[in-house]
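To start, the structure under review is shown below, and the notes come after it.
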Amino acid sequence: MSTADDILARARSRAAGLPYAGAVTPQEAHELIRNNPQVRLIDVRTNAERDWVGRVAIPDAQHGAVQWSTYPGGVPNPEFVQQLAAIANQDDVLLFLCRSGVRSRHAAKLATENGYANSFDILEGFEGDKDAEGHRKTVGGWCKAGLPWVGA
């Protein structure tokens, strides 16, 4: 079992050239959350994705949701930073999660630019990439890793 310091050191080592603190695997994110109440998972998927696809099953105190873009339309959320400030402190370790790991990188970057120095991307996201048949949750991500989540 790795300590939080070990996990964060690995995550930071993955940050070479990145505009945020680092990147964690879904398993590392879960380990950090289980053992550190000051770590927050920020789900940046749309409300529709969380409602229709599922969501992580972790303590509410360690989970927040701020849409990176809105549904329908995919318009960037102009209130992202203000909404993040309402649920997280700048000293918190923030782990950003999206569907496959793209929006979460953008969110970690924007958070870092706005004073959240401990912003990390969760690699692979909630559902991971599509498999050969075009399905998700089979190649990578939070769900494929067998981590706790609830369906829609």
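With both residues required to sit in the chain, DSSP beta bridges show an antiparallel share near 20%. Electrostatic bookkeeping for V39 treats Lys and Arg as +1 and Asp and Glu as -1; over the other residues with beta carbon under 12 Å from its beta carbon, the sum is -2.
Each residue, D131 and A145, gets one label point 7 Å from its Cα in the Cβ direction; the gap between the two is 1.9 nm. Between D5 and V102, take the C-beta separation as r, use R0 = 35 Å, and let me know the FRET efficiency to the nearest 0.05. It comes out at approximately 0.80.
The range 138-152 and the range 78-102 have their alpha-carbon centroids 21 Å apart. Among 106-113, 55-62, the peptide with the highest mean count of other Cβ atoms within 10 Å heads the list, and the full ranking is 106-113, 55-62.
Shape class for the range 62-130, computed from the alpha carbon gyration tensor (a ≥ b ≥ c): oblate, with a/c not under 1.5 and a/b at or below b/c. Compactness check for the range 4-150: Cα Rg over 2.2 N^0.38 Å is 0.96.
Adding -39500 (n - 2.57) for every DSSP H run of four residues or longer, then dividing by how many residues the chain holds, sets the calculated 222 nm ellipticity at -8500 deg cm²/dmol.
Read the figures in this text as sums done on the coordinates, not as results from a lab. Remember, it's a predicted structure, so these values are computed and weren't measured experimentally. Positions of Cβ are generated from backbone atoms using ideal geometry, with glycine treated the same way; all protein chains shown enter the neighbour counts.
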